[in-house]
Structures are given as C-alpha cells and as structure tokens.
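The values are calculated or read from the model by the stated rules, or taken from the named source; none is laboratory data. As the structure is a computational prediction, the values presented were derived from the model and not from experiment. All Cβ positions, even for glycine, are placed from backbone atoms using ideal geometry, and neighbour counts span all protein chains on display. With ligands, DNA and RNA removed, areas are computed over all heavy atoms of the protein, side chains included. Shrake-Rupley method; radii C 1.70, N 1.55, O 1.52, S 1.80 Å.
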Amino acid sequence: MAILLLADHDGSHLSDQTAKTLTAATKIGGDVHVLVAGAGAKAAADQAAKLSGVAKVLVAEDTSLANNLAEPLAALIVSLAGSYDTILAAATSVGKNVLPRVAALLDVVQVSEITEVVSSDTFKRPIYAGNAIQTVQTSEAKKVITVRTASFASASEGGSASVETIAAVANPGLSTFVADALSSSDRPELTSAKIIISGGRALGSAEKFKEVILPVADKLGAAVGASRAAVDAGYAPNDWQVGQTGKVVAPDLYIACGISGAIQHLAGMKDSKVIVAINKDEEAPIFQVADYGLVADLFEALPEMERAS
Amino acid sequence: MKILVTVKRVVDYNVKIRVKADGSGVELANVKMSMNPFDEISVEEALRLKEAGKADEVVVVSVGPAKAEETLRTALAMGADRAILVETEDQVEPLAVAKIVKGVAEVEQPGLIIVGKQAIDDDSNQTGQMLSALLGWAQGTFASKVEIGDGKAPESTARVTREVDGGLQTIDIKLPAVVTTDLRLNEPRYASLPNIMKAKKKPLDKKSPADFGVDTTARLKVLKTEEPEGRKAGIKVKSVAELVEKLKVEAGVL
Ligand SMILES: Cc1cc2nc3c(=O)[nH]c(=O)nc-3n(C[C@H](O)[C@H](O)[C@H](O)COP(=O)(O)OP(=O)(O)OC[C@H]3O[C@@H](n4cnc5c(N)ncnc54)[C@H](O)[C@@H]3O)c2cc1C
Ligand SMILES: Cc1cc2nc3c(=O)[nH]c(=O)nc-3n(C[C@H](O)[C@H](O)[C@H](O)COP(=O)(O)OP(=O)(O)OC[C@H]3O[C@@H](n4cnc5c(N)ncnc54)[C@H](O)[C@@H]3O)c2cc1C
C-alpha cells in the first residue's frame, strides 16, 4: 500500500518541511503520494513533483481549503484514506492541527512527532521535553504520524512525478477564516535556517531585542529565535519561540544569548550541531550543553561579534 | 452556557525526570505532580468567560488515577464549580481520553470545551483535535485569544486567535466547539487559602471509563524508553574574538 503525505506550503511555495517529511516517508517504505491542498496549489504541486521519491502528486484546489482550516482539510484527507495505509504530515502548526482530527475520524491512534523510523511500524519519539525517548510500535490498520522535521534531512530534487487533480469534498462549514497576521521577514525561516541566534529575558525590551540581536542575525544571515520568557514579555513575536512548546530546531549553529537553559528551552534546540551560549552567569545551565560558552554581558559581546564576524 | 475543561495530572514541569534503568519507562515514584500547565490556562480562561457573563458554569474533568482528585481540587480552588473524575489506573492514550470526554460532553452538553494544547509529559498534542472530530464540532487550536459574543463575532460563534508557525491566524468557529489553549492566552490565577478550603466541599463525581463504554487498552506498544543521547559541555572561550575564530576555524560554521 501507499503513503499519503500532506504537503506544507503557502500557496506559491512548497516549504522545506515537505522534503524533510518525505525522507521519513521513504524510510517507512512504499509509494509516496503527496497531497497539495489549497485555494491555489498548482505551483506548490509542481514543486512537489520534482522531489525525488514522490510517485504521484494530488492537487485539490478549492476556496474551502484556502487557510488550512482543520475541518475541510481533515474531511479531504479522510476521503482519500481508503487507498493508503500510512498518512504523514510534518509536525507544523498545520500538521498538528489537522492530523489528530484525521486519526480520530479513522478511529486510530496517532504517533506524534517521530524523530526516527526504526521500521515501517516502529518509531522513536521524544517525551518529557526530550528527556526520554520512547520506541513505539503501532499495529493500527492505518498509521497516522506527524514528523519532527528537525530530525530528518531534506529529500533531494530530481523526480518527475505525475500531477493529478482531485476534487475537494463538501466543506463541513464549522469554521471560517477571519484574518492572518503573519510576520514577514527577509531572514531565513527558523525551521530551515543554518544559523539561529536567539534572545532571552535578559534583552529586557522589544527595542533592545531589535537593537542587539537583529544586526548580528543580519550579519550572519541567521534566523532569529527567542525563549518563552522573551515572547511572553513581548520582546519577540510568538512564532520565534524555540522549545518544548514552540519550534524545534537543529541548525548548524545555535547562538543562545541571555537564555538560562531551562529544560523546556533545551528541548527545542539541543540537537543543533554547534551550540554557543553567551550569558553573564557562569553557572547558567545553558553552558552544560554549549560547545562554546562565553561568560559576558551580551550588550557588549553582541555588538563586538557583529563587528568581528 | 456551560464550559467543560479537561485537566491532567502530570509530573511538575520543574522536575528533571529520570528514565528507569530497565528501559520500561520514566521514574514516577515520589515525583512531584501538578496540573498540566496548559490546563491551568484552560481553567483560567473558563473562569474569565464566566466572570464576563459568557458562561454560567465551569465543570472540570480528569481521566486518571484516584490521585487526580488533587488536580481536580486545584481547579475547584481556582474557581471551577464542579468536577468529574473518570477513574482508571491505565495509561490512557489521547484517543481513549477523547472518547471518554466525548461521553462526558454528551451528558453535560457544554457550549464550549477547553483542552490544553499539549500535555507536558507525553507531548502528544492530540486530545483536543480528536475530541472535536469525534463530536463533529469545530476546533480552534493553539488559542492566544478567545472572544465570544462581543459584537465582533456573530452570535453562537467564538472568535479564536491562534498561534501558528508564521505568526497569528484568526478564525470564527461555530459553537459548540473545542478550543485548545496556548501559552499566551492568559496568566492563570493562584488559588487563595479560603478557596482551597471551599474547594474541599465542592461536588466531585466519580465515574469509570466503562460508564462511557470506552476501552482504555493501549493500542500503541511502547517497546522501550531510553535516555536521549547526552551532550557534553564544551569549552569556555575568553573573548568574542576567540569565539569567532573558533566558529570559523575549529567548527567551520561561520
Ligand atoms: C508549560 C511550559 C512550557 C514552556 N515552554 C517553553 C518553550 O517552548 N521555550 C522556552 O524557551 N521556554 C519554555 N518554558 C519556560 C521555561 O521554563 C523558562 O522559564 C524560560 O525558557 C526562561 O527564559 P530565559 O532563559 O529567557 O529567562 P531566564 O531563565 O530568566 O534567563 C535569563 C538569563 O539571562 C542571563 N542574563 C541576564 N542579563 C544578562 C546580560 N546582560 N548578558 C548576558 N546574560 C544575561 C541570566 O544570567 C539568565 O541566565 C515553558 C514553561 C512551561 C511551564
Ligand atoms: C503504554 C503507555 C505507557 C505510558 N506511560 C506513561 C508514563 O509512564 N507516564 C505518563 O505520564 N504517561 C504515560 N503514558 C501516556 C499517557 O497516558 C498520556 O497521558 C496519554 O497518552 C495522553 O497523551 P497527552 O497527555 O500527551 O495528550 P495531549 O494531547 O498532549 O494532551 C492535551 C490535553 O488533553 C487533555 N488530557 C489529556 N489526557 C487527559 C486526561 N487523562 N484527563 C483529562 N484531560 C486530559 C488535557 O487538557 C491536556 O492538556 C503512557 C501511554 C501509553 C500508551
């Protein structure tokens, strides 16, 4: 049987999350069909068709699918489920929203945020903020799985799958889209960036966050992250939060500035290749996971770093 | 309108958990337990809706061992009116929790169910979405704002602002609905001593999964639980210049 993979896209671009989820799908094994759903989904579908390992792309275009509302998207996936024994999505805010709904409608349990495919029915997943790793086996008729993309490399391009248009299903009409307030930025996205610089409570204000963190980010071509404390205090927007209950990232270089290193924060970044911590308290727990630690006042160190790099 | 709130007893978020040496799970004996932090946010939101006159009763429900009564009493001390404990010693998977809470909802007929976005032990982030699917209701997940009938949203809908990967999304959902709470929704109150005393006398009903015809046998098999690969502390550098040099030459990441 085949695998249905829900694509992550914004209408015009297929996000890198899809290519990473595809790597997990390939490890599970079977023909992979990518579902691209949206009001306009053709461009993203064409990009999905080029990914190596995709057997077929299904495009469903309908206004009811425009904003990734859970109910119509889940209804669409459930209508296709008969032909698949595995349904996969990246553990993005879209995947996390819709896939458990699909699982419940199919009366199967979901395996959340897998970080490793052990075999076609056995997976590893972190629990307790990554302080324990469970190996779970599912014997469900249909496997519904979300994938923690930070743990998988992107599948390469070079494929030429066929693209097939499919019909949307009736909209359950339970919710309506009102507005998006999306942050726009020329900086790389957190979940695909090679370098991330994050700021914590120590920044003290939104102004200081901008003044001290952003110039270094721009110099290094880095994405910007934040601790929960910085987001709660309004120094940084919610979509910058890294951690157990925010985004999970694994860049080549993660620079934590004025972040103490609470387990909930570490859960989101401890798989980064190289970790740098800048903190004025030499006892801060963040130093226990840092490859390079600098005990310093970040308000002095960061401007210096901008000049030096 | 009645609001139903789910609360789960979990290992306190400050506890550094330990994996059992035999790989059979996580050491839970003599560990401090608390209400899942997202559920505190859910209880607070329900209370605020009641205080604003949008709801007339707040009922809290937990699925878990007898000790989950403590967690329910905490919610009652915060201000919830009534509690239901669906008692089981099993580790109940999100799908079964959702089926049980659906059963409770069919009896209680709430206009809104508030569920935490994720439990900080199992980190599944499933239960609310599953519950909403089983009831055939709308879902407003990862909410950082919930507005009901304040002119902006038409009657019988809730306007929910959601924390999504790119920022915020606002949607209107038809009531009854399931909302799951995110961190920025509110700051939960602490229970005062007099309210903790009062909570001891508030009604708490005990039920079993069988009362709702739900089989709680686990469908996922946990083969083993292990420690994650550790990360060793590296070195301390003395200056920014040394740091940049190391990142360029030694680590090759700049
Ligand atoms: C349910 C729940 C979920 C959570 N989820 C997350 C999550 O996803 N992500 C997350 O990050 N947190 C999360 N947390 C919060 C977490 O427990 C911590 O409270 C938070 O990470 C602390 O943020 P911080 O390190 O910025 O602040 P603090 O812990 O206050 O640390 C500030 C640090 O800055 C240093 N400092 C101060 N001034 C300077 C200076 N001038 N120069 C250099 N260093 C300085 C201090 O020494 C200190 O180490 C969660 C908590 C709960 C209960
Ligand atoms: C074989 C097996 C072994 C397990 N071992 C352990 C273990 O050692 N320790 C452990 O703590 N868990 C263990 N679990 C997990 C456990 O029972 C989880 O509580 C369950 O899978 C729900 O996942 P979650 O809480 O992460 O759901 P989520 O979907 O993340 O929870 C979201 C929200 O749903 C609501 N909710 C979830 N569960 C309940 C509940 N029981 N009552 C009321 N509301 C609820 C809460 O509002 C919560 O905020 C085990 C599970 C299995 C199958």
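Data for the structure
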| quantity | calculated |
| --- | --- |
| Label-reachable residues, region B:100-129, where backbone N falls under 16 Å from a point 7 Å from B:Asp56's Cα toward its Cβ | B:108-112 |
| Between 0 and 90°, nearest 10: helix A:16-28 axis offset from chain A longest Cα axis | 60 |
| Percent carbon-and-sulfur accessible area, chain B, ignoring ligands, DNA and RNA, probe 1.4 Å | 50 |
| Net charge contributed by nearby residues that have their C-beta within less than 9 Å of B:Ile171 (K/R +1, D/E -1) | +1 |
| Longest site-free stretch - chain B; sites: trypsin sites (Lys or Arg not before Pro), DSSP loop, at most 12 other Cβ within 10 Å | B:68-151 |
| Acute angle (nearest 10 degrees) that the helix B:94-108 long axis makes with the longest principal axis of chain B, alpha-carbon atoms | 20 |
| Distant alpha-carbon pairs in region A:55-155 (separation over 18 angstrom), percent | 50 |
| Top positive-direction residue, dipole computed over the protein assembly as shown with Cβ charges, set B:Gly23, B:Val237, A:Ser139 | B:Gly23 |
| Surrounding net charge for A:Ala2, when Lys and Arg each add one and Asp and Glu each subtract one, Cβ distance under 14 Å | 0 |
| Accessible surface, per residue, of chain B when the full set of protein chains is kept, probe 1.4 Å, Å² | 45 |
| Chain A: calculated mean residue ellipticity at 222 nm from DSSP helix runs of at least 4, using -39500 (n - 2.57) | -7500 deg cm²/dmol |
| Exposure rule at most 10 other beta-carbon atoms within 10 Å, DSSP loop GluC sites (Glu not before Pro): chain B longest free segment | B:1-88 |
| Rg over Rh, two decimals, the protein assembly as shown (C-alpha only, Kirkwood Rh) | 0.96 |
| For chain A, accessible area per residue (1.4 Å probe, heavy atoms of protein chains only), Å² | 36 |
| Convex hull per residue volume in Å³, alpha carbons only, for region B:1-123 | 102 |
| Positive dipole terminus of region A:2-165, leading residue within A:Thr86, A:Ser119, A:Gly29 (C-beta point charges) | A:Ser119 |
| Accessible-area composition of chain A, carbon plus sulfur, in percent [1.4 Å probe] | 48 |
| Largest to smallest principal axis extent of the C-alpha atoms in region B:2-250, angstrom | 64, 46, 40 |
| Interface A:B - total buried accessible surface [probe 1.4 Å, Å², rounded to 100] | 6800 |
| Assigned charges on the beta-carbon of Lys, Arg, Asp, Glu; the protein assembly as shown dipole about Cα centre (debye) | 720 |
